[in-house]
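Encoded as structure tokens, the structure appears first; notes follow it.
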Amino acid sequence: MSKKILVVVASTRPGRLGPAVADWFVRATAGTAAELGVEIEVADLAEVGLPFLDEPEHPSTGIYVHEHTKAWSRQVGAADALVFVTSEYNFAMPATLKNAFDYLSAEWAWKPCLFIGYGNTSAGTRGVQMARGVATSLRMLSIGGDIFLRIAEAFSDGKVIETERLAARAREALTELDHVADVLRPLYRADQEIVPAVLADAPELLVLQRCCWVDEALANDTLELPALLEPEHEVRAGLREWATWCVRIDGRLVGSVRAKLDGDKWHIGRLMVAPDQRHSGLGRRLLAYAESQAPAGVSAITLFTGARSEKNTAFYQKNGYTLSSYAEVPAGAVGLRKPV
Ligand SMILES: Cc1cc2nc3c(=O)[nH]c(=O)nc-3n(C[C@H](O)[C@H](O)[C@H](O)COP(=O)(O)O)c2cc1C
């Protein structure tokens, strides 16, 4: 599971330049995004289609009555960082961007943002300055390295003129956004919220899984347990291969679980909770969450645990699983299955 950077295209008028700027940014940063494990998604406000703010409650309540607000909340809430591609209209940001800002509150907070402004004489700087003030009041952190494009010089036939110098600035900005998002993550992901794990979580996952699998080693009288032995690069490989989720408390990674499709079965693994957080219901929450992420059409949920891990087996049985042998269960383990 990767971090997500949301590129918001502010202008909505027919024939606008905004999408061409977003296209250029996505293309220029594609290689860097892949290296960093970052997914770039574009939110074109013309497609998001928000009417002028029509929610009865203040956005800080998080109470939304309209489906368009809920969808916008989900999209911004899932982002780790924002890139605002904005034109300048009459020395200001387009009203569409201000409106999109105003719809939400907590979804923006503590996330780093970058501005790409474009315009005529000012190259969009005045519009960006205004948008930055709004972003700051929403608790976003505007990083350095904003990009400004003067239309007469930076565009040809409605497209950004691509130069290596400009692409390098985009790559540097993306890298900075990613780095700042890592640092701010404990602030913008609320305590105890189950969120997708990212590659940057690998060192902490390594520590947590080694700690948790010591109990498995003791219960099963073996050290031959992949979760106990694998080095960090294998944890990172696991993050690329499996959908993995984690939970933090006060910034500390205290729980995790992962799952992947195995034929027509949804296979769950590596359910772990830090010793001081056990018996709090966190393991049950993580398991239920991983189950809820099963794609439609799977026939069963499967997992395995150590053959002598009696507490684990009892926990899974309490949560609807029955012992069941299937081909992929490794030696020394027992399989469990829950029908969907
Ligand atoms: C309503 C309007 C107001 C504008 N005001 C400014 C301005 O204040 N400063 C500027 O540099 N360009 C201004 N322009 C020119 C825009 O920068 C240019 O048209 C740009 O392509 C607009 O972005 P868009 O194509 O994504 O809509 C304005 C354009 C429009 C349509």
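Just so you know, all these numbers are worked out from the coordinates, no wet-lab data involved. Computed from a predicted structure; not experimentally measured. Don't worry about glycine lacking a Cβ; one is built from the backbone with ideal geometry, like all the others, and counts go over all protein chains shown.
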Task: Overall form of the range 204-340 per C-alpha gyration tensor (a/c, 1.5; a/b vs b/c) - done: rounded
Task: For the range 5-89: Kirkwood Rh in Å [reciprocal of mean 1/r, alpha carbons] - done: 14.2 Å
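Ranking request for peptides 218-228, 255-265: highest mean number of other beta-carbon atoms within 10 Å first, then the rest in descending order.
On the way: 218-228: 14.5, 255-265: 18.7.
Listed from highest to lowest mean packing, they are 255-265, 218-228.
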Open item on the list: Just to be sure I follow the rule: in the chain, considering lysines 8 or more places apart or on different chains, how many pairs have Cα atoms under 27 Å apart?
Closed with: 22
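Identify the chymotrypsin sites (Phe, Trp or Tyr not before Pro) of the range 1-81 meeting these criteria: DSSP loop state and at most 11 other C-beta atoms within 10 Å of the C-beta. Don't jump to the answer; show the numbers that get you there.
Details: sites: W24, F25, F52, Y64, W72; in loops: F52, Y64.
Passing sites in the range 1-81 are F52.
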TODO: Mind giving me the nanometre distance, one decimal, between the label points for L218 and S122, set 7 Å out from Cα along Cα→Cβ?
DONE: 6.5 nm
- [ ] Could you calculate the contour length gain from I161 to I63, that is, 0.36 nm times the residue separation minus the distance between their Cα atoms, to one decimal place in nm?
- [x] 31.0 nm
Open item on the list: Can you give the local net charge around V83? Use residues other than it whose beta-carbon is closer than 15 angstrom to its beta-carbon, Lys and Arg +1, Asp and Glu -1.
Closed with: -2
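Using only the Cα atoms of the chain, build the gyration tensor, take square roots of its eigenvalues as a ≥ b ≥ c, and label the shape rounded, prolate or oblate: rounded if a/c is under 1.5, else prolate if a/b is larger than b/c, else oblate. Walk me through the numbers on the way to the answer.
On the way: a/c = 2.55, a/b = 2.13, b/c = 1.20.
Cα axes put the chain in the prolate bin.
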Open item on the list: Quick check: the angle from helix 18-36's long axis to the longest principal axis of the chain, C-alpha only, nearest 10 degrees?
Closed with: 30 degrees
Task: Proportion of all alpha-carbon pairs of the range 3-188 beyond 31 Å (%) - done: 11 percent
Open item on the list: Taking the Cα of R252, stepping 7 Å toward and past its beta carbon, and measuring to each backbone N in the range 264-285: which are under 12 Å?
Closed with: 274-278
TODO: State, to one decimal in nm, how far the label point of A296 lies from the label point of V340, with both points 7 Å from Cα in the Cβ direction.
DONE: 1.1 nm
